[in-house]
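Let me begin by presenting the structure, written as structure tokens, before commenting on it.
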Amino acid sequence: MSTSITGASIIDKYGDLIYCQAWRTDKKGLSFYQKLDIIKENVLFIRAQYPIEMVYVEEPLGMFASGRSSAQIISKIQRFNGATCWILSQAFKLEPKYINTFTARKKCGISVKRGQNSKEIVLKNILEEYKNFKAEYTKKGNPVKGTYDRADSVVVAKAGHYLFEEGKQHTCYNKNLNK
């Protein structure tokens, strides 16, 4: 989730990818709140189309690489993340759950070694696992803007699906203990 592009994915109860988009809010001249309006429109579209049982969001602190983000940028992204989570909670009547980037990748069996390009590794894994995930490339062979964001959102959604299913099993197990 960022102020320029937000990846959004839906994994159904069978673990299949049924929605994956990059919501572009990088148009020049858009205010902070106009960007949030774009997010809200997309969230409301999803609410109208899909029965959402749980919402998972990438933990915002995992998005920052030390030395690459100024305090001002971090603050802006944190505010955007918080406002977006509020939009999600209002739309779905669910409290979004945060997933750390590294935890999400681990849940999905994606290993990134020090020095490797995590974005490329994540994209490669998603392309191998989900045949309906389509990546477009520029003339120079780079993924088009938003592709990495979409791939990251699939990882968060997939990890969320695993956690949701594990939680349901624990709930059933706990109910059996009470009998």
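Here, each number is a calculation from the coordinates, and none is a lab measurement. Every value quoted in this text rests on a predicted model; they were computed, and no experiment measured them. Cβ coordinates were reconstructed from backbone atoms using ideal geometry, including for glycine residues, and neighbour counts include every protein chain displayed.
Taking 0.36 nm per residue of separation and subtracting the Cα-Cα distance, full extension of the segment from Q78 to K93 would add 3.3 nm.
Of the listed pairs K28/K106; K13/K140; K35/K131; K107/K134; K28/K97, which have alpha-carbon separations greater than 28 Å here? Exceeds cut-off: K28/K106; K13/K140; K35/K131; K28/K97.
The angle between the Cα long axis of helix 71-92 and the main principal axis of the chain comes to about 40°, on a 0 to 90 degree scale.
Taking the longest Cα principal axis of the chain as reference, the axis of helix 147-178 is set at about 20 degrees. Across the chain, the mean sequence separation of Cα contacts (distance under 8 Å, 6 or more residues apart), normalised by length, yields a relative contact order of 31 percent. Spin-label model, K106/N132: points 7 Å from Cα along the beta carbon direction are separated by 3.0 nm.
For percent of Cα pairs over 30 Å apart, computed directly from the structure shown, the correct entry in (i) 19; (ii) 42; (iii) 26 is (i). Nearest 10 degrees, 0 to 90: what angle lies between the long axis of helix 118-129 and the longest principal axis of the chain (Cα atoms)? It works out to around 50 degrees.
Beta bridges per DSSP, both residues in the stretch 5-178: antiparallel share near 75 percent.
Using Cα springs under 10 Å in a Gaussian network model of the chain, which residue among G82, G167, G146 shows the largest mean-square fluctuation? Most flexible of the set in this elastic network: G167.
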